[in-house]
Amino acid sequence: MEINTSLKIKICGMKYSENIKAVSALKPDFMGFIFYPKSPRYAGTLDISVLNEFPKTIKKIGVFVNENLENILTIAFKYKLDGMQLHGTELVEMCEKLKEVGYIVIKAFPIAEAYNFKVTKTYEGACDYFLFDTKTDAYGGSGVKFNWKILDEYKGETPFLLSGGISTDDAEDILKIEHPKFAGVDLNSKFEVKPGIKNVKLLEKFISQLGE
């Protein structure tokens, strides 16, 4: 079943072939594969043939944490990625280089208070999207929401995806977000059976709610 919604849908932390196939049938806008070895959703053993079967409408995004440019490009070539999500302390120069090559660039920023948005100014023009996630001590998702009212303080020009503990209970509140640069949502841990395996029915129901 194909889901239509005006919000971009990114489903992240995919790892296992059969589950990847099932989720791809929903035709999200982005599907994220984490190439950070310390993550329980590390996708270092992906079946390339499964990714090659994707419809072109699904953009394959590699998620990296403080990886060097050469390794990112090697992995991107191997898996025919469409873009990268940089989840560490990567400099704007890396974003610019990846964008120049033609990749979609998503830069993640940990958000705890309005002050954190000041960091994004340097990256304006170097990224296609920002991703605002809950600030934690470690890299990667925490499964916890930050106060979404803080989003009103973001005055940048780059569209953003919202991440951090989004669950099936949040559809109504997400639809109430009126920020002009709010582009979509990033879904992960709250839709899992276990790390790396998504509950497809739960995703389908939630995305349908966003499209109503």
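Results for (1) crowded, with 17+ Cβ neighbours inside 10 Å; (2) within 30 Å of Glu153 (Cβ to Cβ); (3) not aromatic (Phe, Trp, Tyr), shown as yes or no for each residue.
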residue	(1), (2), (3)
Lys8	yes, yes, yes
Lys15	yes, no, yes
Asn66	no, yes, yes
Ala112	no, yes, yes
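Could you list, in sequence order, the residues of region 25-66 that are in a strand (DSSP E or B), in contact with a helix residue (DSSP H, G or I) (Cβ under 9 Å, 6 or more places away or on another chain) and not small (Gly, Ala, Ser)?
As a first pass, look at region 25-66 and keep what is in a strand (DSSP E or B): 30-34, 42, 59-64.
Those still in the list that are in contact with a helix residue (DSSP H, G or I) (Cβ under 9 Å, 6 or more places away or on another chain) too: 31, 33, 60, 62, 64.
Scanning region 25-66 gives Met31, Phe33, Lys60, Phe64.
For the condition touching a residue at least 40 places away in the same chain (Cβ under 8 Å) and either farther than 22 Å from Lys38 by Cα or of a type in the set (Lys, Arg) (or both), what is the one hit in Ile150, Ile174? Break it down into steps so the answer makes sense when it comes.
Numbers: Ile150 fails: touching a residue at least 40 places away in the same chain (Cβ under 8 Å).
Of the residues listed, the single one that is touching a residue at least 40 places away in the same chain (Cβ under 8 Å) and either farther than 22 Å from Lys38 by Cα or of a type in the set (Lys, Arg) (or both) is Ile174.
Out of the residues in region 68-98 that are part of a helix (DSSP H, G or I) and not hydrophobic (A, V, I, L, M, F, W, C), state the one that is surrounded by the fewest Cβ atoms within 10 Å (Cβ to Cβ).
Filtering region 68-98 down to residues part of a helix (DSSP H, G or I) leaves 69-79, 92-98.
So of that shortlist, the ones also not hydrophobic (A, V, I, L, M, F, W, C) come out as 70-71, 74, 78-79, 93, 96-97.
Working: Glu70: 8, Asn71: 11, Thr74: 12, Lys78: 12, Tyr79: 18, Glu93: 10, Glu96: 15, Lys97: 16.
Per the stated criteria, the residue is Glu70.
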Exercise. Name, by its number, the condition in (1) modelled with pLDDT of 95 or more; (2) in contact with a Gly (Cβ under 7 Å, 6 or more places away or on another chain); (3) surrounded by 14 or more Cβ atoms within 10 Å (Cβ to Cβ) that does not hold for Glu124.
Key: (3)
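If we keep just the residues of region 183-212 that are among the β-branched types (Val, Ile, Thr) and within 20 Å of Tyr129 (Cβ to Cβ), which is nearest to the chain's Cα centre (by Cα)?
Residues of region 183-212 among the β-branched types (Val, Ile, Thr): 185, 193, 197, 200, 207.
From what's left, within 20 Å of Tyr129 (Cβ to Cβ): 185, 207.
Details: Val185: 8, Ile207: 15 Å.
Residue satisfying both the conditions and the ranking: Val185.
Identify all residues within region 111-126 that are part of a loop (DSSP other than H, G, I, E, B) and within 23 Å of Gly165 (Cβ to Cβ); write none if there are none.
Restricting attention to region 111-126, the residues satisfying the condition of being part of a loop (DSSP other than H, G, I, E, B) are 112-113, 124-126.
Correct list: Ala112, Glu113.
Before we move on, is Ala108 of a type outside the set (Phe, Trp, Tyr), in contact (Cβ under 8 Å) with a residue 12 or more places away in the chain and not in a strand (DSSP E or B)? I'd like the intermediate steps shown before the answer.
On the way: of a type outside the set (Phe, Trp, Tyr): yes; in contact (Cβ under 8 Å) with a residue 12 or more places away in the chain: yes; not in a strand (DSSP E or B): no.
In short, no.
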Practice problem: Evaluate region 107-123: report whether one residue or more is under 26 Å from Leu202 (Cβ atoms), touching a helix residue (DSSP H, G or I) at 6+ places or on another chain (Cβ under 8 Å) and among the hydrophobic types (A, V, I, L, M, F, W, C). | Solution: yes
Quiz prompt | Neighbours by Cβ (under 7 Å, 6+ apart or cross-chain): first from region 8-19, on the phi > 0 side of the Ramachandran plot; second outside any loop (DSSP other than H, G, I, E, B) and surrounded by 23 or more Cβ atoms within 10 Å (Cβ to Cβ) | solution = Gly13/Gly32; Gly13/Ile34
Quiz item: Only one of (1) free of Cβ contacts under 8 Å to residues at least 12 places away in the same chain; (2) in contact with a strand residue (DSSP E or B) (Cβ under 7 Å, 6 or more places away or on another chain); (3) at positive phi fails for Gly102. Which number is that?
Solution: (2)
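Criterion first (surrounded by fewer than 20 Cβ atoms within 10 Å (Cβ to Cβ), modelled with pLDDT of 95 or more and of a type in the set (Phe, Trp, Tyr)) does Phe160 satisfy it? I'd like the intermediate steps shown before the answer.
Numbers: surrounded by fewer than 20 Cβ atoms within 10 Å (Cβ to Cβ): no; modelled with pLDDT of 95 or more: yes; of a type in the set (Phe, Trp, Tyr): yes.
The answer is no for Phe160.
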Quiz item: Would region 19-33 turn up any residue that is aromatic (Phe, Trp, Tyr), in contact with a strand residue (DSSP E or B) (Cβ under 8 Å, 6 or more places away or on another chain), crowded, with 17+ Cβ neighbours inside 10 Å and modelled with pLDDT of 95 or more?
Solution: yes
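The values are calculated or read from the model by the stated rules, or taken from the named source; none is laboratory data. Bear in mind that the values here come from a model prediction, so they are computed numbers and not experimental data. Every residue, glycine as well, gets a Cβ built from its backbone with ideal geometry; the counts of neighbours run over all protein chains shown.
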